[in-house]
Amino acid sequence: MSIYEQIGGRAAVTAAVDDFYRRLMSDPALTPYFDGVDMSRLKRHQRAFIAAAIGGPEPYLGRPMREAHALLDIQPDHFDRVVGHLAETLSDLGVDQVAVDAIGDTLAPLKDEIAPGVAPRAG
Ligand code: HEM
C-alpha cells in the first residue's frame, strides 16, 4: 500500500495540507519566505510538497524546483525545518515511522536544488 493510500487518499491529503500549512505559518523562522505570496499559490505549494513526498496520483506540471525557489535564498536548515514539519504532520495523521523516514529520504535529494546555501553559479 502506498503512503498516499495509507493516510487515506485525497481527503487525508487535504487535511494534511491544512495541518502542514498551519505548522509552517506558525514557525517564525519560515514565515518571512512566504511574505507577500498569495494564498492560492501557497496552497498549491503545500499540495505539491505533499504530493512530491508521498507520490500522490496528480502529475506536477509546474516549474522545476530549482527555478521555483531560486530567488528565495532558502537556507539549508530552513529546508530541514520544513521537512521536519511535514514529518510531524504525517506522524499525527497516523503514518508509521518507517514511512515517515522513507518520505524524508524521498525529499532529501531536493535539498541541493531548493536550498543550495550559496548563490547558483552564472552560466
Ligand atoms: C521538498 C521541498 C519543496 C517542494 C516539493 C516545494 C514545492 C514548490 C513548488 C511546486 C513551488 C511553485 C509553486 C507555484 O509556482 O505555483 C514552490 C514555490 C515556493 N516555495 Fe517551495 N517547495 C519545497 C521547499 C520549500 C522550502 C523549504 C521553502 C521555504 C523555506 C519553500 C518556499 C517556497 C516559496 C516562498 C515559493 C514561491 C511561491 C510563489 O511565489 O508562488 N519551498 N515550491
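Here, each number is a calculation from the coordinates, and none is a lab measurement. The shown structure was predicted, so the numbers you read here are calculated from the model rather than taken from an experiment. When we count neighbours, we look across all protein chains shown, and the Cβ atoms used for this are built from the backbone with ideal geometry, even at glycine.
At-a-glance table
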quantity	calculated
Residues PHE79, PHE34 arranged by fewest to most Cβ contacts within 10 Å	PHE34, PHE79
Reciprocal mean inverse distance between Cα atoms of the chain - Kirkwood radius, Å	15.0
ASP105 versus ALA70: modelled label distance in nm, points set 7 Å from Cα along the beta carbon direction	3.2
Value of relative contact order over the range 3-114, rounded to a whole percent, pairs C-alpha under 8 Å and six or more apart	36
Estimated FRET transfer efficiency (THR14, TYR60; beta-carbon r; R0 22 Å; 0.05)	0.80
For the chain, built as a Gaussian network whose Cα springs stay under 10 Å, the top-fluctuating residue of VAL83, VAL13, VAL98	VAL98
Chain lengthening between SER26 and GLN6 when straightened (0.36 nm per residue, less Cα-Cα)	4.5 nm
Angle in degrees between helix 76-92 and the longest Cα principal axis of the chain, rounded to the nearest 10	10
Cβ-based charge dipole, the chain, positive-most Cα from LEU72, ALA115, MET1	LEU72
Label-point separation, VAL37 to ASP112 (7 Å along Cα→Cβ), nm	2.3
Using alpha-carbon coordinates, inclination of helix 9-25 to the longest axis of the chain, degrees	40
Values of log10 I(q)/I(0), in the order q = 0.22 Å⁻¹, for the range 1-71 under a Debye, Cα-only, solvent-free model	-1.07
